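What follows is a short report on a single structure.
The values are calculated or read from the model by the stated rules, or taken from the named source; none is laboratory data. What you see is a predicted model; the values in this text were computed from it and never measured. Note that we place each Cβ from the backbone using ideal geometry, even for glycine, and neighbour counts take in every protein chain shown. Protein only, heavy atoms only, side chains kept; ligands, DNA and RNA dropped before computing areas. Shrake-Rupley method; radii C 1.70, N 1.55, O 1.52, S 1.80 Å.
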Amino acid sequence: MAQNGDVRLLDSLLVNGSTVRGASESSSPLQRLTTDELARIGATSVGDALKHMSGVTVRDYGGIGGLKTVSIRGLGAQHTAVFYDGVAVGDCQSGQVDLGRYSTENLAGVELLIGQGDDIYKSARVLAAAGVVSLESQSTADGSRSGNWQAGVRAASFETYKGSVKYSKSFGQGWGVSSFGEYVNSGGEYPYKIKNPTTTVSGKRKNTDVEEARAEVNLSWQPSDRHLLRMKMYGYGYERGLPGGVIVNDPLATDRLKGYNAFGQLFYEYIPSPALKMKFALKHNLAYDRMREPLAASVSVDSYRQHETDFSCTFKWTPSFVRGLSFAWSEEIFKNTLRTTNNHVTMPAEPERVTTLSAVSVRYNYRAFSLTGSLLHTYASEYAPVGDVAPDRSRFSPSVAFSCYPFADVDFCLRASYKSIFRMPTFNDLYYREIGNYKLAPEKTRQYNVGAAYSAHPFGRCDELTVSVDAYRGEIKDKIVAVPAVFIWKMSNIDYVETAGADVNIKSIFSLPSRTKLHLSAAYSYMRAENRTSGSSLYGHQIVYTPLHSGAVDASILTPLADFGYSLLWSGKRYYNARNIPSNEIASYGEHSLWLARTWNFKKLTLLAKVEAKNITDDNYEIIRYYPMPGRNYALTFILTL
């Protein structure tokens, strides 16, 4: 209080945030990596971060520019939805999002939800996926009227360099803004030594250079607790070589790929009363890719341009006359178009798909018991100026989740969930020349999960302990695969795949003497994903690139002087061909990494220095056959904050 009766007005403060749910508070498997955890594990892309979670298989084609896609519990990458600040990121051509394109530098967290979630106040598109990867950008501002700056530089092995800058500021009256820019340049030529298939092949990866830049601007306005408006503008551009697989006697790959991705999204939330709230989102996304492929006597240049316009609205009602009961209605409509110059596509004129998703959800949460159920209706219609198109599709998909806390004084949760969904074939599945099949039926999946989660309150030197164990089963009917026909391959619905397994996650924090903290986390997956097509010669064989056992271990020690850390990513053997025979086997691997970090504070300045040594055993292991991963490599990072 000011002296002598004076009144002093303080600057207005904008607080942006959301409740962070834990493993023991969800009816379905939920995993999350915060900003600090992302920094400790040294994940520079979202694809790298997800390798530290259970229940996922990351296909990594190696190198800084290598494609990274994520399959959840053996269902395929097309069943994984990606959301950035609550709005979907899509790809109608291949149906899978390259998570290597998204940096962790500006993220407040990465969250993975498998199956039916508890939060019914979500867009309908969340309900239409087997699993959801949610990316949350850092807050537009922290309340500082003067603004916050952060600049970072990183130098790594194989002539890799990165620079980034962030800025955030609050303007009062509920306004906040943040911006982020990043530039990466890498020669990418790393040595390798692998067997192909029995001959040892060594050399340096060529045509591996990468140049990419990304930038985003976030603007928010929250004049009161009843209104929230957010806008995001995002741009990403790249050019890189495509090194291809290491094939004996195969000439050097010289294919080049360049392109860009830009989108703008607008989000508005209105809460007219404690019992009712609603939100709306509008997004337009443009993606362009251009591939240059030198041929024997000419050069082939093919381009692909995708447009997606998405509108969604969600309403939630919590009646006051029934305690713990709430209802939600979600509606979403999005339009996809693909234009290409590739004459291998049946309809180069521009295939188009309009999809509508309608969902009703109900949740009952009272004391130690919760029950959540949803019913989703999907309708998809396709059009093209020339040629045959896929028929209209319509389907209802139910899901339900249950959880309870059987002990009053113990944070111990029992949970079970079921989800039935389907995915539409991609434009590549339907229309690629000769291979495509416009008569394909959608893939249909069912997911079952039972599990338990335990979270301990501080005891002894343990500040936090969370353990979760989940057992699951999945079914995929009418799986879309390429099968040989007369002289060609053809996309068909033939396979029936069953998955079964278990995921285990452990996180803990310990307080040690001398103001030292010990962070430990571990993730383990047992995943059996087998072809169960009746009469098939491949019956009982594990599907390609799916290890039976995999996991990750992360440990870090935080001291007043410096911080230290160790990470292990490991995977059991896999098969790169549908037939599980020794010649098709990819060996198991373990990637060990170490890091050391130190922070200095100079009045208003903070300087962080971090050195990393990755794959210290120098193992050129393969995740995808004939695409060796980099061996031992180093990185040095400096981050200045003011």
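Charge tally for ILE624 (other residues, Cβ to Cβ under 11 Å; Lys, Arg +1; Asp, Glu -1): +2. Using the Cβ of GLU585 as centre and a radius below 13 Å, the other residues enclosed give a net charge of +4, where K and R count +1 and D and E count -1. Computed FRET efficiency, Cβ-Cβ of TYR539 and ARG395, R0 35 Å: what is it to the nearest 0.05? Using R0 = 35 Å, I get an efficiency of 0.80. Paramagnetic label reach from ARG367 (point 7 Å along Cα→Cβ; backbone nitrogen cut-off under 17 Å): within the stretch 393-409, residues 403-409.
Express the carbon and sulfur contribution to the solvent-accessible surface of the stretch 239-309 as a percent, rounded to the nearest whole number, probe 1.4 angstrom. Of the solvent-accessible surface of the stretch 239-309, carbon and sulfur hold 60 percent. Seen from all directions on average, the chain presents a Cα convex hull projection of 32.1 nm². Using a cutoff of 8 angstrom between alpha carbon atoms and counting only pairs six or more residues apart, the relative contact order for the chain works out to 11 percent. Accessible surface of THR559, taken over heavy atoms with a 1.4 Å probe and every protein chain present, rounds to 40 Å². In terms of overall dimensions, the C-alpha atoms belonging to the stretch 506-584 reach 65, 22, 11 Å along their principal axes, ordered largest to smallest. Label positions at THR606 and LEU286, each projected 7 Å from the Cα along the C-beta direction, are separated by 3.8 nm. Ellipticity at 222 nm from helices only: DSSP H runs of n ≥ 4 in the chain, each -39500 (n - 2.57), divided by the residue count, give -500 deg cm²/dmol.
If the chain linking ARG339 and TYR383 were pulled fully straight, counting 0.36 nm for each residue of separation and taking away their Cα-Cα distance, it would gain 14.6 nm. Spin-label pair SER511-ASN196: with each label point 7 Å from Cα along the Cα-Cβ axis, the two points sit 5.5 nm from one another. With R₀ fixed at 56 Å, the C-beta to C-beta distance from ARG528 to TYR270 puts the FRET efficiency at about 0.75. Pairs spanning more than 18 Å between alpha-carbon atoms, out of LYS122/LYS419; LYS162/LYS232; LYS169/LYS232; LYS169/LYS277; LYS122/LYS479; LYS232/LYS258: LYS162/LYS232; LYS169/LYS277; LYS122/LYS479; LYS232/LYS258.
The local environment of PRO442, defined by Cβ-Cβ distances under 15 Å, has a net charge of +2 under the rule Lys, Arg +1 and Asp, Glu -1. Subtracting the Cα-Cα distance of VAL410 and ASP302 from 0.36 nm times their residue separation leaves 32.9 nm of extension gain. When the Cα convex hull of the stretch 324-457 is projected onto planes of every orientation, the mean area is 10.9 nm². Which whole-number percentage describes the relative contact order of the stretch 340-446, with Cα contacts under 8 Å and a sequence gap of 6 or more? Computed over the stretch 340-446, the figure is 22 percent. The simple spin-label model puts a point 7 Å past each Cα toward its Cβ; for TYR167 and ARG598 those points are separated by 3.2 nm.
Computed extension gain for VAL322 through ALA471, at 0.36 nm per residue and net of the alpha carbon distance, reaches 50.3 nm. Calculate, for GLU585 and GLU159, the FRET efficiency according to 1/(1 + (r/R0)^6) with r their C-beta to C-beta distance and R0 25 Å; round to the nearest 0.05. Taking R0 as 25 Å, the efficiency between GLU585 and GLU159 is 0.15.
For the set ARG515, ARG240, ARG528, solvent exposure ranked by accessible area (probe 1.4 Å, protein chains only) runs largest to smallest as ARG515, ARG528, ARG240. When each of the peptides 407-420, 590-603 is scored by the mean number of other C-beta atoms lying within 10 Å of its residues, the order from highest to lowest reads 407-420, 590-603.
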